[in-house]
Amino acid sequence: MLVNWHDSDHIYLVCGKTDMRKGIDGLAMVIAENYGLELYNNSLFLFCGGRNDRFKGLFWDGEGFIMLYKRFENGHLSWPRNSNEAKELSAQQLDWLSTPVIKCWKTPI
């Protein structure tokens, strides 16, 4: 089953570090208990743990939850770590987030 991330009515980035061992039920509880957001209204919730090279997504497709997992082989995410809030993103911001930041080091001459 493929999910078009851009079809979501709302895209929320959960700031800070999330325990990435959590599954669907655990991530749904994080949203319900900490942020008071509606889980069943075509929203995509994005979570990141301590490592900046992977993230999880939780999406309700009308019949059940889908958990997405992405890991970058090269590069890392730039994830806000300093607050415990859920920020709503635009589709363009989601595209920026899902593109890894690859550091290129140049040696001085």
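The values are calculated or read from the model by the stated rules, or taken from the named source; none is laboratory data. Just so it is clear, the model here is predicted, and its values are computed rather than measured. Cβ atoms come from the backbone with ideal geometry, glycine included; neighbour counts cover every protein chain shown. Keep in mind that these areas ignore ligands, DNA and RNA; they rest on the heavy atoms of the full protein, side chains included. Shrake-Rupley method; radii C 1.70, N 1.55, O 1.52, S 1.80 Å.
Just a few scattered comments:
- Within the range 54-92, the set of residues being touching a strand residue (DSSP E or B) at 6+ places or on another chain (Cβ under 7 Å), open to solvent by 60 Å² or more (accessible area, probe 1.4 Å) and either without any contact (Cβ under 8 Å) to a residue 40 or more places away in the chain or within 13 Å of ALA28 (Cα to Cα) (or both) comprises MET67, TYR69, LYS70, ARG71, SER78.
- Any hit, the range 39-53, residues being in a loop (DSSP other than H, G, I, E, B), over 14 Å from the mean Cα position of the chain (by Cα) and surrounded by 13 or more Cβ atoms within 10 Å (Cβ to Cβ): yes
- Criterion violated by TRP79 - all others in (1) of a type outside the set (A, V, I, L, M); (2) under 17 Å from LEU94 (Cβ atoms); (3) out of contact with any Cys (no Cβ under 8 Å at 6 or more places or on another chain); (4) in a loop (DSSP other than H, G, I, E, B) satisfied: (3)
- Qualifying residue in the range 22-32 (condition: surrounded by 11 or more Cβ atoms within 10 Å (Cβ to Cβ), among the charged types (D, E, K, R) and at pLDDT below 90): no
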